[in-house]
Amino acid sequence: MIHQQFNLSPRLSVAKNVLAGSLPAVSTLRALLHLFPARLRRKACDLVARVGLEAEHLHRRASDLSGGQQQRVGIARAFILDPAVVLADEPVASLDPNISRDILALRRQASKERGATVLCSLHQVDLAREFAERVVGVHSGEIVYDGPASDLDDATLTLIYHQTKPGSPVPTTGAVEAGGRR
Amino acid sequence: MTGAPRVAMGNRAAVEWELRQPYNAKIVALVLLVALGLGISAQRVEGQRFLALTWEWGQNLVGLQDTSQIGQGLARMGESLFPPQLGERTEISRLENFDPDRLPWFSRVERQESREVRVNRQSLRTETHAEVKEFLVQPLGYLWRVAVKMVETLEIALWGTILAVAVSIPLAIGGARNYTPSAGVYAAARGLVSFLRAIPEMISALFLVLAYGFGPIAGILALGLHAAGFLGKFYAEDVENADRGPQEALQAIGAGKLKVLWFGVLPQVFPQYIAYTLYILDRNVRMAIVIGIVGAGGIGQELKGRYDMFNYGHVSTILLALFVTVFLLDQVSARIRARLI
């Protein structure tokens, strides 16, 4: 799971936050003593490096990082147990466009390496076009488009964003992207 | 100005809204009633006498009155408290295991000769007896004793705090609405926390002294149990109010309650916990002094004993030691807080 607001433990270090993603696989006693197995510690370091952070970041508090860096930590945390499915709830909603692109690219790379399916909600159509394989458009809770990203043309977009029914003040939109398992 | 608001104003009929005065006769009457109640209560707690005595003392200070009860009382207290008793002088014949070759540090033996005139029963003559008494004089002996008692008080406070933290952690988990195992445990934990907080240390110390006898055990238990009630409540409320984000993230990946608590909640609330615990330590030191008076060990017990024996010189040494200790404690705890948070 990757969250819109990152949802890291702000006062824990980056390393501890990534390791917290492996809590279900660690015995309670080990968890309470903060003693993670060597394999997971190794993996956390690899993931932190993979998402583009440096060794110096490992022991910094998560709250001392910028938004983009925090979301990188969030991605590392999501992938530490090699999940089959990753849910991402607007992972780039609070980030600027350049960082958004980096983060989504990272996310795509991580899911390809591990063969994970990613279900990701997005508001940015261009990002959905660029990174998704399958796009599902939702308007007022109904699916109005479901098809490959390449077929997402302007007509469909109008359908998603401007099909304003009387009484619905703002069109609720969501581009759902799935990076398929391969 | 565009025309639109004018049109709107023109079209609008006079509204029924109104702005009332901020208070009305009922509130004024209520305030007067409260004032009357306070006036009656002030009489009952000797408010008039307080004013009269203080006025008299003020006149005495500027020279309009010759005597004042407060002035006399304070002067008597000042005279009896001064000078502080630092040394100790003990008759050697009363000491057990006294070894003249191995005197305690900084001490000396003084001999005092006293002459007594007695009547010899056989000859019926008066005879003069010379009696030599030996005293062990320790110039800073009493100060040392006070220091030892003060350390005991600090130890009582420290163990009271450790006990409070140990008891309050399970109570806090049970008493936090979002982490309690069941509604029954929640009610029991909250009830116990309120109960512990409701009993003042002085009162529980009185009874614990009966159970465990005079000394530090009663003090530690009394302080620890009361503070556990305080900490249990505040720890639990912080757990309930912690930011949900990190907790949701860990719940979403399937981490158990205890693990979420440890990684999602504890790091957030940690600075507050340190602050509460230091406050409790600070408070326990002061309370440990007070509950010593009912026999729960430490400097308070010594203070009470000396006060009852009218040894005001000793009392004043103890009071000075208390001021110094509380002052130093303030400094130390401020530093610890600054470093940990």
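No value in this document is a laboratory result; all are computed from the given coordinates. Fair warning: this is a prediction, and the values are worked out from it, not measured in the lab. Counting neighbours? That spans all protein chains shown, and the Cβs are built from the backbone with ideal geometry, glycine included.
Quick one: B:ARG76, B:ARG190, fewest Cβ neighbours within 10 Å first, how do they rank? Walk me through the numbers before you get to the answer.
Values: B:ARG76 11, B:ARG190 19.
Arranged by neighbour count, lowest to highest, B:ARG76, B:ARG190 become B:ARG76, B:ARG190.
Mind checking the mean number of beta-carbon atoms from other chains within 10 Å of the Cβ atoms in B:241-251? Don't jump to the answer; show the numbers that get you there.
On the way: counts 0, 1, 4, 1, 8, 12, 2, 4, 14, 9, 1.
What the average comes to for B:241-251 is 5.
Using only the alpha carbons of the range B:32-90, determine the length spanned along each of the three principal axes and report them from longest to shortest in whole angstroms.
For the range B:32-90, the Cα spread along each principal axis is 63, 32, 12 Å.
May I ask you to list, by number, the DSSP H helices of chain B whose Cα span along the axis is at least 27 Å and whose average Kyte-Doolittle hydropathy reaches 1.6 or more?
Values: long enough: B:25-44 (29 Å, 1.72); B:141-174 (50 Å, 1.34); B:216-241 (37 Å, 0.67); B:266-291 (35 Å, 0.75); B:312-340 (41 Å, 1.08).
Answer set is B:25-44.
When the gyration tensor of chain B is built from Cα positions, what are the square roots of 5 times its three eigenvalues, in whole Å, from largest to smallest? Don't skip to the answer; put the middle values down first.
Values: eigenvalues 726, 264, 73 Å².
So the three semi-axes of chain B are 60, 36, 19 Å.
Using R₀ = 56 Å, calculate the FRET efficiency as 1/(1 + (r/R₀)^6) where r is the Cβ-Cβ separation of B:ALA42 and A:GLU133; round to 0.05. Kindly include the intermediate steps, with their values, before the conclusion.
Working: r = 81 Å, r/R0 = 1.46.
So, using R0 = 56 Å, E works out to roughly 0.10.
For the range A:53-60, what does the Karplus curve 6.51 cos²θ - 1.76 cosθ + 1.60, with θ = phi - 60°, yield as ³J(HN,Hα) per residue in whole Hz, taken in order and with x for Gly and Pro?
3J(HN,Hα) across the range A:53-60, in whole Hz: 9, 9, 4, 5, 6, 3, 9, 7.
Give the average, rounded to an integer, of partner chain Cβ atoms located within 10 angstrom of each Cβ in A:23-31. Walk me through the numbers on the way to the answer.
Values: counts 11, 6, 3, 2, 1, 5, 0, 1, 7.
Counting Cβ atoms of other protein chains within 10 Å of each residue's Cβ and averaging gives 4.
Could you tell me the center-to-center distance, by alpha carbons, between the range A:1-56 and the range A:76-115 in angstrom?
Here the answer is 16 Å between Cα centres.
First measure r as the distance between the Cβ atoms of A:THR156 and B:ASP243, then evaluate 1/(1 + (r/R0)^6) with R0 = 41 Å and state the FRET efficiency to the nearest 0.05. Numbers along the way, then the final one.
Working: r = 39 Å, r/R0 = 0.94.
Taking R0 as 41 Å, the efficiency between A:THR156 and B:ASP243 is 0.60.
Along the range A:43-49, what does the Karplus equation 6.51 cos²θ - 1.76 cosθ + 1.60 (θ = phi - 60°) give for ³J(HN,Hα), rounded to whole Hz, x for Gly and Pro?
5, 4, 4, 4, 5, 4, 5
Semi-axes of the equivalent ellipsoid for the range B:179-249, please: Cα gyration tensor eigenvalues, times 5, square-rooted, ordered largest first, whole Å. Show your work: numbers first, answer last.
Values: eigenvalues 209, 31, 16 Å².
Each semi-axis is the square root of five times an eigenvalue, giving 32, 12, 9 Å.
Assuming a ≥ b ≥ c are the square roots of the Cα gyration tensor eigenvalues, decide whether the range A:2-81 counts as rounded (a/c under 1.5), prolate (otherwise, with a/b larger than b/c) or oblate. Before the final figure, lay out each step's value.
On the way: a/c = 1.64, a/b = 1.48, b/c = 1.11.
Note, shape of the range A:2-81 comes out prolate.
Quick one: net charge of B:ASP330's neighbours, Cβ under 13 Å, K/R +1, D/E -1? Please list the in-between numbers first.
On the way: positive: B:ARG283, B:ARG286, B:ARG335, B:ARG337; negative: B:ASP282.
Surrounding charge for B:ASP330 is +3.
For chain A, what does the convex hull of the Cα positions come to per residue, in cubic angstrom? All intermediate terms of the calculation are to be shown ahead of the outcome.
On the way: hull volume 23.3 nm³, N = 182.
In chain A, the Cα hull volume divided by residue count equals 128 Å³.
Determine the dipole magnitude for the range B:63-180: charges of +1 sit on the beta-carbon of Lys and Arg, -1 on that of Asp and Glu, nothing else is charged, the reference point is the Cα centre, and the result goes in debye to the nearest 20. Intermediate values should be presented prior to the final figure.
Details: 14 positive and 15 negative charges, 39 e Å.
In total the dipole reaches around 180 debye.
Want the number for B:SER123 to B:ALA25: 0.36 nm per residue separation, take away the alpha-carbon distance, what's left? Could you put the intermediate results ahead of the total?
On the way: separation 98, 0.36 × 98 = 35.28 nm, distance 9.99 nm.
Here the answer is 25.3 nm.
Positive end of the charge dipole of the range B:93-247 (Lys, Arg +1 and Asp, Glu -1 on Cβ, about the Cα centre): tell me which of B:THR126, B:LEU158, B:LEU208 has its Cα farthest that way.
In the range B:93-247, that residue is B:THR126.
Using helices alone, what [θ] at 222 nm do you get for chain B, with -39,500 (n - 2.57) per DSSP H run of 4 or more residues, divided over all residues and rounded to the nearest 500?
So the helix-based figure for chain B works out to -22000 deg cm²/dmol.
Which one of A:LEU40, A:LEU159, A:PRO97 has its Cα pushed farthest toward the positive end of the charge dipole of chain A, where Lys and Arg give +1 and Asp and Glu give -1 at the Cβ?
Result: A:LEU40, furthest along the dipole toward the positive end.
Where does the range B:217-341 land on the Kirkwood hydrodynamic radius, alpha-carbon pairs, in angstrom? Let's see the in-between values first.
Values: mean 1/r = 0.0580 Å⁻¹.
Across the range B:217-341, the inverse of the average 1/r is 17.2 Å.
What value in Å³ per residue do you get for the convex hull of the alpha-carbon atoms in the range B:76-170?
Working: hull volume 22.8 nm³, N = 95.
Spelled out: Cα convex hull of the range B:76-170, divided by residues, is 240 Å³.
Rounded to a whole number of µm²/s, how large is the Stokes-Einstein D of the protein assembly as shown at 37 °C and 0.692 mPa s, given Rh as the Kirkwood radius over C-alpha pairs? Working shown, then result.
Values: Rh = 31.4 Å.
It diffuses with D of about 105 µm²/s by this estimate.
If you line up the long axis of helix A:67-79 against the longest principal axis of chain A, both from Cα atoms, how many degrees apart are they, to the nearest 10?
So the helix axis and the longest Cα principal axis differ by about 80 degrees.
What base-10 log of the normalised intensity I(q)/I(0) is obtained for the range B:238-306 from the Debye formula, alpha carbons as equal point scatterers, at q = 0.21, 0.23, 0.24 Å⁻¹?
Values, matching the q order: -0.81, -0.89, -0.93.
Assign unit charges at the C-beta atoms only (+1 for Lys and Arg, -1 for Asp and Glu), then state the dipole size of the range A:15-159 relative to its Cα centre in Debye, rounded to the nearest 20.
Numbers: 18 positive and 18 negative charges, 241 e Å.
With Lys and Arg at +1 and Asp and Glu at -1, about 1160 debye.
Can you order the peptides B:25-33, A:101-109 by their average number of other Cβ atoms within 10 Å per residue, highest first?
Working: B:25-33: 9.9, A:101-109: 19.3.
Output ranking for B:25-33, A:101-109: A:101-109, B:25-33.
Which FRET efficiency value, to the nearest 0.05, is calculated for B:PHE50 and B:ILE336 with the Förster distance at 35 angstrom and r the Cβ-Cβ distance? Write out the running numbers ahead of the final one.
Values: r = 41 Å, r/R0 = 1.16.
It comes to 0.30.
Where is the GNM fluctuation largest for chain B (alpha-carbon springs, 10 angstrom cutoff): B:ARG20, B:ARG145, B:ARG286?
B:ARG20
By how many degrees, between 0 and 90 and to the nearest 10, does the Cα long axis of helix A:97-114 differ from the longest principal axis of chain A?
Approximately 70 degrees, to the nearest 10.
Placing +1 at every Lys and Arg Cβ and -1 at every Asp and Glu Cβ, with all other atoms neutral, what dipole size does the range B:123-259 have around its Cα centre, in debye to the nearest 20? Please list the in-between numbers first.
Working: 11 positive and 11 negative charges, 66 e Å.
I would put it at about 320 debye.
Find which of A:VAL85, A:VAL26, A:LEU127 sits farthest along the positive direction of the dipole of chain A, computed with +1 on the beta-carbon of Lys and Arg, -1 on that of Asp and Glu, about the Cα centre.
Ranked along the dipole, the leading option is A:VAL26.
For the range B:114-179 and the range B:265-294, what is the centre-to-centre distance using only Cα atoms, to the nearest Å?
26
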